[in-house]
Amino acid sequence: SSGINAEYGGRFQNPWREVNVDEAREKGIDIARRVSGGGTVYHDLGNVNFSFFTDKPSHCPAKNLTFLADTLNQWADLGLKTNKRHDMSIGEAKVTGSASRIIRTGSFHHCTLLVTSSLSSLSSVLQGDPHITTSIATASVPSPVTNLASHSRDVILTPGHVISHVTSSYLARYDVHFPEPELPWKPEQDTAGDVMVVDALPESVDEPDHKTWDWVFGRTPKFTRSFGGGLEVQVDKGVVVEVSDRGLEEVIGTPFDQTTIQQML
Amino acid sequence: IRQFNTAFSATRPLSMYYTKSHEWVNVSGGLGRVGITDHAQAALGDIVYVDLPDLDAEFDVGEEVSSVESVKAVGDVALPVSGIVKAVNDALSDTPTLVNQSAEDGGWICEIELTDTSELDDLMDKAAYDAFLESE
């Protein structure tokens, strides 16, 4: 895998239904599952992700998106609008996808922002398996998308510029300040108003479990995949649990792979 | 279709205990039925998915026993008291909105066998929980 391009699905989604898994594998596009909810998004270096961490009472995705829209509109006159579904759009096309997670100690809202993404790669890999007939997983809501950069007339927009500009705007609006540069990053330091610039996460917050098959595919809610002529397999936690035809019995208990099953028919 | 444990009666409000993180456990003998409160479902909004625990899984008090996704966010359900999962509400697979419609009754999430009933002393009864909500 490239480690750069990824398709990133929601906590309870079905990656086979959302993504062309075979194509992703061929193109070295990682498939990942978030801890937050929502739909599937495509990440490449032309996309910028923002995460807003707050205590629970302060959790407000609408406020974060309004902040982003105002900042970007004032800078590059983009005509961005937000809506109740926590989308940010230019006309009918979305430029962000949002998701949130709330736990006992706090919450976060994060969103993507398409700046200079490869939209052709995006649309091609986000074509899921149309033969999944029954699924209780949460489904993405398909939507036309667009890059910010193609709507800016006077200002050159790159992910780097967007990051700098949004960061400066955030610091100014919320009156935050930098500590001395020689302070190392420490998870215990939680002084309100201080900002740390982090180049890499400490190992203690890395999530190796989230790179496993068990997390990415094994957390998939139950579904049924049809192979035509009444042939079906039922999959639970990414593993085939039932088949409609005795000729397919040998795949019971194995990780679901539609190519393998197709070849058996 | 699972037969739900008939020792349960949701019409015994005196056996309802509540946590500050808006979960409830309805206790009958050594068994408890668990869910999120009406306050919690209202805050979450329309629920689109409930992640049910495995049968016979054992959890400590405060551990995440379930996860709930609403249109707004994914939130955790912490077990109010330690226990072993004996039943799950399969109806929530097809109809997750049952939690919105009836959070403290038909929208229950799982049933557990309590492993330490003394933990109930740390929970609130309905009057205390209502007072807690007022103060938040």
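The values are calculated or read from the model by the stated rules, or taken from the named source; none is laboratory data. Everything quoted here is computed from the prediction, not taken from an experiment. Every residue, glycine as well, gets a Cβ built from its backbone with ideal geometry; the counts of neighbours run over all protein chains shown. These area figures cover heavy atoms from the full protein model, side chains too; ligands, DNA and RNA do not enter into them. Shrake-Rupley method; radii C 1.70, N 1.55, O 1.52, S 1.80 Å.
One residue stands out among those in region A:107-163 that are surrounded by 20 or more Cβ atoms within 10 Å (Cβ to Cβ) and β-branched (Val, Ile, Thr): the one that is nearest to A:Gly97 (Cα to Cα), which is A:Thr112.
Selection over region A:77-117 of residues that are more than 11 Å from every other protein chain (Cβ to nearest Cβ) and over 17 Å from A:Ser36 (Cα atoms) gives a count of 19.
On the basis of being farther than 30 Å from A:His86 by Cβ, surrounded by 17 or more Cβ atoms within 10 Å (Cβ to Cβ) and either within 12 Å of chain A (Cβ to nearest Cβ) or not small (Gly, Ala, Ser) (or both), does B:Val77 make the cut? Write out each step before concluding.
Numbers: farther than 30 Å from A:His86 by Cβ: no; surrounded by 17 or more Cβ atoms within 10 Å (Cβ to Cβ): yes; either within 12 Å of chain A (Cβ to nearest Cβ) or not small (Gly, Ala, Ser) (or both): yes.
No: the conditions fail for B:Val77.
From the list B:Glu104, B:Glu111, the lone residue that is touching a residue at least 60 places away in the same chain (Cβ under 8 Å), part of a strand (DSSP E or B) and not hydroxyl-bearing (Ser, Thr, Tyr) is B:Glu111. Considering only residues in region B:15-33 that are in contact (Cβ under 8 Å) with a residue 40 or more places away in the chain and surrounded by fewer than 20 Cβ atoms within 10 Å (Cβ to Cβ), the one that is nearest to the other protein chains (Cβ to nearest Cβ) turns out to be B:Ser21.
What are the residues in region A:223-265 that are in contact (Cβ under 8 Å) with a residue 40 or more places away in the chain, open to solvent by 50 Å² or more (accessible area, probe 1.4 Å) and among the charged types (D, E, K, R), if any? Result: A:Glu232, single match. Against the conditions (1) in a helix (DSSP H, G or I); (2) over 30 Å from A:Arg153 (Cα atoms); (3) open to solvent by less than 10 Å² (accessible area, probe 1.4 Å), A:Ser100 satisfies every one except (1).
Here is a yes/no grid of residues against (1) in a loop (DSSP other than H, G, I, E, B); (2) under 11 Å from the mean Cα position of the chain (by Cα); (3) free of Cβ contacts under 8 Å to residues at least 60 places away in the same chain; (4) over 23 Å from A:Pro61 (Cα atoms):
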site	(1), (2), (3), (4)
B:Gly35	no, yes, no, yes
B:Ala43	no, no, yes, no
B:Ala87	no, no, no, yes
B:Ser93	no, no, yes, yes
B:Tyr129	no, no, no, yes
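Within region B:83-92, can one find any residue that is surrounded by fewer than 22 Cβ atoms within 10 Å (Cβ to Cβ), within 14 Å of chain A (Cβ to nearest Cβ) and out of contact with any Pro (no Cβ under 8 Å at 6 or more places or on another chain)? Scanning region B:83-92 turns up at least one residue that is surrounded by fewer than 22 Cβ atoms within 10 Å (Cβ to Cβ), within 14 Å of chain A (Cβ to nearest Cβ) and out of contact with any Pro (no Cβ under 8 Å at 6 or more places or on another chain). Restricting attention to region B:51-85, the residues being within 23 Å of B:Ser15 (Cβ to Cβ) and in a strand (DSSP E or B) number 9.
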